[in-house]
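The values are calculated or read from the model by the stated rules, or taken from the named source; none is laboratory data. Here the structure is a predicted model, which means the values were calculated and not measured. Backbone-built Cβ (ideal geometry, glycine too); neighbour counts: all protein chains shown.
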Amino acid sequence: MINGKAVKADFQFIGNRVRDLEIHTKMIDTIGKKVSTSFEFDYNIIELCEEKGHLFGVIEFLVKGKAKAGKSLLFSISLAMEGAFVGNPELLSIDKFKDMLELNGVITLSQISRSFLISVTSQSGINPPVRLPMINVFALREQKRNLLQKKDL
């Protein structure tokens, strides 16, 4: 085994919270109907600074999803999950920390959101519960940057 101190990252997760959650369900007969799901994802850096000898950042991960049975809306979900992260300013520049927020932070929050939605939707009577697909965070970041560049033009 390898000592944990030897491999501890300079970027650490310190906590998360559900900022917003909306679930709408409808009683629809799904027997014989094809049920299809669709999801949209986004993220925003809420805070990024250096304070008390640490780099500090808050990022939100956004999920919107819906399922249709035929042409009828079965359920819709909207989730905003926030996470706080710290980094060592002696080893990370603010730009590197921002990159880590966009990659490691989004990956962390996507998995927390995935497990949270499995639990909440199963308790809401959605069967089977909603399982978010795995996402390519590199592609998400690239598409977000492209959208922001188009808005700036």
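Here are a few things to note about the model shown:
- Single match in Leu109, Leu101 (criterion: surrounded by 15 or more Cβ atoms within 10 Å (Cβ to Cβ), of a type outside the set (S, T, N, Q), in contact (Cβ under 8 Å) with a residue 12 or more places away in the chain and over 30 Å from His24 (Cβ atoms)): Leu101
- Residues that are among the hydrophobic types (A, V, I, L, M, F, W, C) and closer than 14 Å to Arg114 by Cα, drawn from the stretch 37-65: Phe39, Phe41, Phe61, Leu62, Val63
- Filtered residue count, the stretch 132-153, keeping only those that are outside any helix (DSSP H, G or I), in contact with a strand residue (DSSP E or B) (Cβ under 7 Å, 6 or more places away or on another chain) and under 12 Å from Val106 (Cα atoms): 1
- Among the residues examined, Ser119 does not qualify as part of a strand (DSSP E or B) and without any contact (Cβ under 8 Å) to a residue 60 or more places away in the chain.
- Leu79 being farther than 24 Å from Asp20 by Cα, modelled with pLDDT of 95 or more and part of a strand (DSSP E or B): no
- Among the residues of the stretch 20-46, those identified as surrounded by 13 or more Cβ atoms within 10 Å (Cβ to Cβ) and of a type in the set (D, E, K, R) are Lys33, Asp42.
- Residue match in the stretch 47-57 (condition: touching a strand residue (DSSP E or B) at 6+ places or on another chain (Cβ under 7 Å), modelled with pLDDT under 95 and over 23 Å from Gly105 (Cβ atoms)): no
- Of residues in the stretch 122-153 being within 18 Å of the chain's Cα centre (by Cα), touching a residue at least 24 places away in the same chain (Cβ under 8 Å) and surrounded by 13 or more Cβ atoms within 10 Å (Cβ to Cβ), the one farthest from Phe41 (Cα to Cα): Val130
- Subset tally (residues that are farther than 26 Å from Pro89 by Cβ and of a type in the set (Lys, Arg)) for the stretch 1-34: 4
- Test: residue in the stretch 38-55 that is part of a helix (DSSP H, G or I), closer than 22 Å to Leu103 by Cα and without any contact (Cβ under 8 Å) to a residue 12 or more places away in the chain: no
- Of all residues in the stretch 47-98, those being touching a Leu at 6+ places or on another chain (Cβ under 9 Å), buried (at least 16 other Cβ atoms within 10 Å of the Cβ) and under 30 Å from Ile31 (Cα atoms) number 7.
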